[in-house]
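To start, the structure itself, in structure tokens.
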Amino acid sequence: MNSPAPAPTRLIKNRNIAFLWAGQLVSQAGDSITHMAVIWLMLDLTGSPSQTGFIAFAATFPALLFGLFSGVLADYYRRRTLMLISDIFRFFLILLIPIFYSFGQLSPWVLAIIVFAAASFGTLFNPSRDAIIPELVTGEQLLKVNALMQSTGYLAYFIGLFGAGLLLNALGVVNLFFLDAGTFMLSFVMIFLISYKRTSPRVINYESQHLTELKKGLKYVTVTDRRLFWIILITALNNFFIMGPAVVGTPLLIKEVWDGSGQDFAFIESSYGVGMLLATFVVYRLNKKLKKGTWLMLGLIYDGLTFIPLFWVGKFALDPFWLTITIIFIHSLGIPFIQVTRTTLIHSIVPGDMQGRVFSMVNLAVIGVMSLSVALTGILAEWISPRTIFLMIGIGAALSGLLGLSMKSIRTAD
């Protein structure tokens, strides 16, 4: 008889999981600060929706350029080493932002180049982190470890943004980047302390150039298991609708509707972390009720529908700050049903030596497509109200989930 999988808190007693958990906590707290600070800094420097969209594009476009090759690297080199490289380079690059600013050299183009370079090294981290988990724990523990890691990310998101909101007036937005750089160094130390033997055999014959191995990964997704093709395609479609307004539309909404501050932006964004953290515990309880594919598509539908109410912010006699933070909180409750379920589903149906490439394709669908979405949102916001954009994209994102739910092979994927 199989023994029950340990609770998430007990999993931290696993030395390697504890270090991975701690590294992710501090690193993603820093990421959340950068997410907020870069967008608001560009909005302060230029006041332009299109240029704000451009800086968000610079932060996400590397996933389109390098995301798939990062997955190949994660399958053929030590994933721990790739995460270390990602952290140390991002540490030095993020430090450049306040340094250039202090010398009066931080133009929008300089900021975009730094952000692009940091994001390029960041493409190594996520597929390596996701693919290393099955090497650190047994198969029956995967759902709980994935939920633990996702909930840690949500907690870090809240800590980083709520802390940024508290510190913003005292430090100023530029000095927050010193704090962010420090989190990458702490993450580097935690990842460095991980020690394990790689379970999947390392390929000896490198007749495989990276392009060849990338083709193998694409063939696996498009031919061997078509469910993955549709999951990734629907994920990309959903993120095309959702991510641009989420990243660029929210600060523009805050500026346009009630002339809010960077502090308002930080506090509103921090509500994502609270909602996602709470919903993760629901994922524990409900994951056996339906197939993972069904939960994933229901999550995508909810993802779109709960953005639609932002269209009415500022149209009623309600405080727009509190109305926005409430809507964002409700919206965030559906995100773990997408992220935790999708990660565990991939761990369940994809061979270990192919997971890095598959996760990189998912990362491409999430972050790479996001680069197109944020650029388009910035351009549209020059002519269309951010509230109208939220209405349009909410409908489109919900329809993408309905498409997946209509497919039996996706509904029954588990």
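We did not get these values from a lab; they are worked out from the coordinates using the rules stated. What you see is a predicted model, and the numbers here were worked out from it, not measured in a lab. All Cβ positions, glycine included, derive from the backbone under ideal geometry; neighbour counts span all protein chains shown.
Mean residue ellipticity at 222 nm from the helices of the chain, using -39,500 (n - 2.57) per DSSP H segment of n ≥ 4 over the full residue count, to the nearest 500 deg cm²/dmol? List each step's numbers first, then the result.
Numbers: 19 runs with 312 residues, N = 414.
So the calculated ellipticity at 222 nm is -25000 deg cm²/dmol.
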Table column - 3J(HN,Hα) (Hz), the stretch 240-257, Karplus curve with 6.51, -1.76, 1.60, x for Gly and Pro: 4, 6, 7, 6, x, x, 4, 7, 9, x, 5, x, 5, 4, 4, 5, 6, 7
For the stretch 340-357, just list the computed ³J(HN,Hα) in residue order, Karplus coefficients 6.51, -1.76 and 1.60, θ = phi - 60°, integers in Hz, with x standing in for Gly and Pro. 5, 5, 5, 4, 5, 4, 5, 4, 6, 10, 10, x, x, 6, 10, 5, x, 5
Using alpha carbons only, what's the Rg to Rh ratio of the chain with Rh from Kirkwood? 0.95
Hull-based mean projected area of the stretch 263-414, where the convex hull spans the alpha carbons, in square nanometres: 10.3
What chymotrypsin sites (Phe, Trp or Tyr not before Pro) in the stretch 68-143 are in a loop by DSSP, with at most 12 other Cβ atoms within 10 Å of the Cβ? 103
Length released on extending from residue 171 to residue 388, taking residue separation times 0.36 nm less the Cα-Cα span: 74.7 nm
Using a ≥ b ≥ c from the Cα gyration tensor of the stretch 285-347 (square roots of the eigenvalues), is it rounded, prolate or oblate, where a/c under 1.5 gives rounded and otherwise the larger of a/b and b/c decides, a/b for prolate? prolate
May I ask you to derive the FRET efficiency for residue 195 and residue 281 from their Cβ-Cβ distance with R0 = 30 Å, giving the value to the nearest 0.05? 0.45
Label model pair residue 218, residue 409: point-to-point distance (7 angstrom along the Cα→beta-carbon line) in nm is 1.9
Once amide hydrogens are built 1.01 Å from N within the peptide plane, the residues lying 5 or more places from residue 413 or on another chain with amide H under 5 Å from its amide H are 293, 294
Give me 227, 90, 15, 129 sorted ascending by neighbouring Cβ count inside 10 Å, so fewest comes first. 15, 227, 129, 90
May I ask you to evaluate 6.51 cos²θ - 1.76 cosθ + 1.60, the Karplus curve with θ = phi - 60°, for each residue of the stretch 323-337 and list the ³J(HN,Hα) values in order in whole Hz, giving x for glycine and proline? 5, 5, 5, 5, 5, 5, 4, 4, 4, 5, 4, x, 5, x, 5
Treat the count of other C-beta atoms within 10 Å as a stand-in for reagent exposure and order 331, 347 from fewest to most. 347, 331
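Mind sorting 344, 46, 250, 52 by how few other Cβ atoms lie within 10 Å of their own Cβ, fewest first? Before the final figure, lay out each step's value.
Values: 344 24, 46 15, 250 20, 52 30.
Going from sparsest to densest Cβ surroundings: 46, 250, 344, 52.
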0 to 90° range, to nearest 10: angle between helix 142-171 axis and the chain longest Cα axis: 20
Among all stretches of the chain without exposed GluC sites (Glu not before Pro) (DSSP loop, at most 11 other Cβ atoms within 10 Å), which one is longest? 1-206
